[in-house]
Structures are given as structure tokens and as C-alpha cells.
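A.B. asks: Below: one structure in C-alpha cells.
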Amino acid sequence: MLPQAAAALVVVLLLLVIVRLPWAGDLGMHAATVQRLRHNPLHPGNPLVDADTPSPYYSPWMLVLGVLAKLTGLSVFVILRFAALVGLTLLVTGVRRYVRTLTPHRAAPALALLSLVLLWGPLLFNWSGFLGLNSLALTVSYPSVFALGLTFHFWAWLTRAVREEAAWARWLWLGVLWALILLCHQFTGVVASLGALAMLIAARPARAVVLRLGAALALGLLLLWLWPYYDFFSLFSAGADLEAIHRPLYAHLAARFGLVLLGVAALALRWRRDHWDPLALFFVLGALVFAAGGLSGHYSWGRALPAALIPAQLAAALEVVSAGRRAVRAGWACVLGAALAVGAWTQVGTLGYVTGKGALPSVVAAKYRAPWVGYHWITPWVKHGDVVMARTSAERQIPAYGPYTVAPGYPDVFLPDATRREAAVTRYFAAGTSTAERAGILREYGVRWVVGPGSLAGPGLRKVTTGPGSQVLYRVVR
């Protein structure tokens, strides 16, 4: 009962986090995506800047959220809370269903969930698509969590389909689900694909299953090709910016993921018992892709790391219920419990997203990372579709409320003049830029508002209000 109770507490904590919806990372991008689809579901344009370009963020799930926002009139942030609730539900139920394909033990799903969120390392690590508790608290409303939840269900259905030699209809549904995961979050789609490949290799399916698998794969590829909001296959030629932003994934590996070594040991034991173990094969495939990315300089391949982490974390949990003699299982449970306690302490600052920093003991508050404040303070004046000149931190938040910024706050492989826009923002805020040059930049991009320091005050700008951190909102006067 202890694992189930602990897992329930984790789920309750995340539900309370959803109420607060702490803002950090990419939340502004996803809110902006819903904003654009809400106002124009058929032709939303670029989610961040005033340009008519496609975007890989326009996925089927975000389209559903955008239409829901349009039909209900609810705030985008309320819609994102709904998205978080759906994503968390899919994740918890998906983990349970997939673990049930590996063992019937009652405690296994709870142990698996605890390992997925706590078995990381002594150095806090947050990134979309990674299931650490603190990371999940900040990304629970993201499409990556929705896609991960679907992925665990996909693996469960796939495992049963291979075992039961399922009918054509079920295999075609698996092809649709595979395409849906890839469209909703491309990196999670890679993880889903590696896991599926490992499960198929382990199952060594008969010829009839292979034919059905081929049909499912063909249908999935067709749906990827037909998706109208962006060209999925053009993402394979993404530029250097995507590699640079993912290079940090290869830093501090031992500190970030050291506790997962317990799971690697568990995988070795599983492989020793069965050389066709699907979790062991899954880990090898994920580790190979991750290593290849680091060696070749394709650092975006580092987003496949969950394909190594997830099977190791699951294996660590499963050894508690399947490690042979009772004494061995008890010893393994003690070791896993200690590792989970270390992981929980590393991420204990997550409590602050529910209670606020002031309610935390000082030793816990030291581990709390404050979320972003947001730019709701500009919304009484800045309206949907207005263009705002702002720096990177503001660029990542302002579009969430409906306005555009001059440059995108995130790499955009479909925006041809992204580099030129970024250079224009840099020139505008540079200390030596003349008033005339600044005015020219504002005219070029149709800027109506500027968010910046008080030192910008001068001809062509009229101060409207002051926000957190002494930021000032200026109206452009022409």
C-alpha cells in the first residue's frame, strides 16, 4: 500500500500545481499557439511574430484546444489548465496500462510512476519531454506531456496487438496514433518510435503481423504527409539553431541522471534473464541515438534521451516485484526507496508551486525556483495582433496574451527572416543606436508598443505604465 499512497500523493501534488499553473520555459509559446488558433483556426499564421508562416506547434491537440477556446470563450490559461488535466490523466493511466503488460503485480504501476518522476539525480533538471517531478510540474500543460501520455497507451496497445495477433483495424488505429504522437510533439514521437521498435524486435512477430505493421506504418506516414498546418518532413532539415539550443542536454549527465544507474543495473539483470527483454532493447536503442547525437554534433538528438531513461526507470521499479527470492526483492526495495528519497529531496522545491515560497521551511525554500511573473500588466493597453518590441525574456511571454513581438523568442525553422529580426531587436536596444535608426526599425515591423528599460524614454515613445523589474511599457507615437 505504501507505493500506491506515495504515487497518489504525487498525483495530488501535480493536480494542485495545475491550479496555480506556474509559468516558465515554453508556456508562452503554447499559449500563443492557442491564441492564434482561437482567432483563426484555418490560417493562424506564425504564433509569435506577424508573419504568414507555418509552425510545427500547430498540432492536432493544439487545434482542439484552440477550437475549444473559440467555442467556450474561456481564457487561454484556463484552456491550458484543461490541457494539463488531460495530459496528466493520459500519463498516469498510460503508465498503468503499459506496466500491466510487463507484470500483473498490483504495486508495479505505482512504483513505476514514482521511479519515472523521482529517479533522476542530485542536480535539478527541467526540460520538456522529461518526466522529473519538477520538470513535469512546469510542463504538465505542454503538448509533450499529452504526447507522452498517448505514448504509454500506444506501447500498451502495441504490446497486446503483437501478442494477440490483432486484426487489421487495430493495427491501422496504431498507425493513426503513432502519427498523432509525432504531430503533437516530434521529439516524443521519436521516443515512442524507438520504444515501439524495441517491442517489435522483442516480440519477433510472425509474417501476418509484419504485413499489418507495414499497413499501419504506411497509414501513419500518409497522415504525416497530409497534415495541412506544416510540412512534417521538412523538420529533418532544421537549422543549426536547433542544435545549439539542445547542446546543454549533454552537460552534467552524472549529476542530472545519476540515480538512473540503478535502473541500468536492473536492465542488466533483466537482459541476463531474457536477451529479448523489451526494456533492455529499448534502453540500448535510446542510448545509441543519444550517443550518436553527441558524437556527431546533432545535439537535438539528445531529446531521445527519455528513450534510455524511461526503460531504466521502469526496470528499477519492476525489480522490486520480480527479482526472484523474497530477500532479494526486499533488498532491492530498500535501495530503490533510498534512491527515490534522494530524488524527492532534489525536487522538493516543487511544493512551492502549490504553497508559495513563503510557506516553505528555509531549507526547502532554498530549492524552490520562482516561476515567471508574466506580462498581464500590459494587457489593458496592448491588444491582440499588436506588435511589441521587446527583448528575449519578454518575447517568450508577451505573445501568450495575443500580441506579436518583432523577433521570435524561440528558434523558428519556418521563419526565413528570423535572424534579421533578432538583429533588429539587438540594434534597437543597443546603447549607441540613434533615435532615427530606432524609429526606422519600429516602422519597418509595424511596432505599436515597446517594453524596455526607463532609459529608452525619448522622442517617438510615450510612457504608459511601469511593470515588474522596472520595465516600462511605451506607446509608439508617430
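A.B. asks: Looking at A317, A292, which is the one that is open to solvent by 30 Å² or more (accessible area, probe 1.4 Å), in a helix (DSSP H, G or I) and modelled with pLDDT of 95 or more?
C.D. replies: Every option except A292 fails the conditions.
A.B. asks: For the range 342-396, list the helices (runs of 4 or more DSSP H) that sit wholly inside it and hold at least 2 residues that are over 30 Å from Y445 (Cα atoms); which are they?
C.D. replies: So the answer is 352-355, 362-365.
A.B. asks: Quick one: in the range 1-25, which of the residues that are surrounded by 16 or more Cβ atoms within 10 Å (Cβ to Cβ) and not aliphatic (A, V, I, L, M) is farthest from A84 (Cα to Cα)?
C.D. replies: Residue satisfying both the conditions and the ranking: P3.
A.B. asks: Quick one: in the range 78-87, of everything that is open to solvent by 10 Å² or more (accessible area, probe 1.4 Å) and touching a helix residue (DSSP H, G or I) at 6+ places or on another chain (Cβ under 7 Å), which residue is nearest to F146 (Cα to Cα)?
C.D. replies: Among residues in the range 78-87 that are open to solvent by 10 Å² or more (accessible area, probe 1.4 Å) and touching a helix residue (DSSP H, G or I) at 6+ places or on another chain (Cβ under 7 Å), the one nearest to F146 (Cα to Cα) is V86.
A.B. asks: Which condition number in (1) open to solvent by 30 Å² or more (accessible area, probe 1.4 Å); (2) under 21 Å from the mean Cα position of the chain (by Cα) is the one that G94 fails?
C.D. replies: (1)
A.B. asks: Taking the range 428-474 as the region of interest, how many residues are in contact with a strand residue (DSSP E or B) (Cβ under 7 Å, 6 or more places away or on another chain) and assigned to a helix (DSSP H, G or I)?
C.D. replies: Selection size over the range 428-474: 5.
A.B. asks: Count, please, the residues in the range 336-351 that happen to be open to solvent by less than 40 Å² (accessible area, probe 1.4 Å) and free of Cβ contacts under 8 Å to residues at least 60 places away in the same chain.
C.D. replies: Qualifying residue count for the region: 2.
A.B. asks: Among the numbered criteria (1) touching a Ser or Thr at 6+ places or on another chain (Cβ under 9 Å); (2) part of a helix (DSSP H, G or I); (3) buried (at least 16 other Cβ atoms within 10 Å of the Cβ), which single criterion is violated by V413?
C.D. replies: (2)
A.B. asks: Tell me yes or no: at least one residue of the range 390-410 is over 30 Å from L124 (Cβ atoms), open to solvent by less than 70 Å² (accessible area, probe 1.4 Å), among the acidic types (D, E) and touching a residue at least 12 places away in the same chain (Cβ under 8 Å).
C.D. replies: Looking through the range 390-410, none of the residues is over 30 Å from L124 (Cβ atoms), open to solvent by less than 70 Å² (accessible area, probe 1.4 Å), among the acidic types (D, E) and touching a residue at least 12 places away in the same chain (Cβ under 8 Å).
A.B. asks: Can you tell me which residue is nearest to G195 (Cα to Cα) among those in the range 73-110 that are assigned to a helix (DSSP H, G or I) and hydroxyl-bearing (S, T, Y)?
C.D. replies: Y98
A.B. asks: Right, another one. Determine if the range 107-114 includes at least one residue that is open to solvent by 50 Å² or more (accessible area, probe 1.4 Å) and out of contact with any strand residue (DSSP E or B) (no Cβ under 6 Å at 6 or more places or on another chain).
C.D. replies: no
A.B. asks: Give the range 436-474 a look and list any residue that's among the aliphatic types (A, V, I, L, M), open to solvent by 30 Å² or more (accessible area, probe 1.4 Å) and either touching a residue at least 24 places away in the same chain (Cβ under 8 Å) or at positive phi (or both), or say none.
C.D. replies: Within the range 436-474, V464 is the sole residue that qualifies.
A.B. asks: Another question, then. What pairs can you find where one residue is in the range 138-164 and free of Cβ contacts under 8 Å to residues at least 12 places away in the same chain, the other is crowded, with 24+ Cβ neighbours inside 10 Å and not acidic (D, E), and their Cβ atoms are less than 6 Å apart, with a gap of 6+ or different chains?
C.D. replies: Going by the 6 Å Cβ cut-off, there are no qualifying pairs.
A.B. asks: Also: Among the residues of the range 52-70, count how many are open to solvent by 50 Å² or more (accessible area, probe 1.4 Å), hydroxyl-bearing (S, T, Y) and more than 12 Å from R36 (Cα to Cα).
C.D. replies: 0
A.B. asks: Test P248 against the criterion of being loosely packed, with under 14 Cβ neighbours inside 10 Å and within 23 Å of the chain's Cα centre (by Cα), and give yes or no.
C.D. replies: yes
A.B. asks: Just to be sure, is G28 in a helix (DSSP H, G or I), surrounded by 23 or more Cβ atoms within 10 Å (Cβ to Cβ) and modelled with pLDDT under 95?
C.D. replies: In short, yes.
A.B. asks: Restricting the search to the range 295-308, which residues are part of a helix (DSSP H, G or I) and surrounded by fewer than 24 Cβ atoms within 10 Å (Cβ to Cβ)?
C.D. replies: L295, S296, Y299, S300, W301, G302
A.B. asks: Which residue out of N126, N134 is touching a helix residue (DSSP H, G or I) at 6+ places or on another chain (Cβ under 6 Å) and surrounded by fewer than 20 Cβ atoms within 10 Å (Cβ to Cβ)?
C.D. replies: N126
A.B. asks: Give the residue that is nearest to R100 (Cα to Cα), with candidates limited to residues of the range 261-289 that are open to solvent by less than 40 Å² (accessible area, probe 1.4 Å) and under 20 Å from the mean Cα position of the chain (by Cα).
C.D. replies: By that ranking, first place goes to G286.
A.B. asks: Does L194 meet the test of being open to solvent by less than 50 Å² (accessible area, probe 1.4 Å), touching a residue at least 60 places away in the same chain (Cβ under 8 Å), under 26 Å from A308 (Cβ atoms) and aliphatic (A, V, I, L, M)?
C.D. replies: Taking the combined requirement at face value, the residue satisfies it.
A.B. asks: If you don't mind, there's one more thing I want to ask. Would you confirm, using the coordinates I've provided, whether A365 is without any contact (Cβ under 8 Å) to a residue 24 or more places away in the chain, open to solvent by 50 Å² or more (accessible area, probe 1.4 Å) and under 30 Å from P3 (Cβ atoms)?
C.D. replies: no
A.B. asks: Looking only at residues in the range 320-331 that are free of Cβ contacts under 8 Å to residues at least 40 places away in the same chain and under 17 Å from L102 (Cβ atoms), which one is least open to solvent (accessible area, probe 1.4 Å)?
C.D. replies: G324
The values are calculated or read from the model by the stated rules, or taken from the named source; none is laboratory data. All values reported here derive from a predicted model rather than from experimental measurement. Backbone-built Cβ (ideal geometry, glycine too); neighbour counts: all protein chains shown. Heads up: the accessible areas ignore ligands, DNA and RNA and are worked out on the full protein's heavy atoms, side chains in. Shrake-Rupley method; radii C 1.70, N 1.55, O 1.52, S 1.80 Å.
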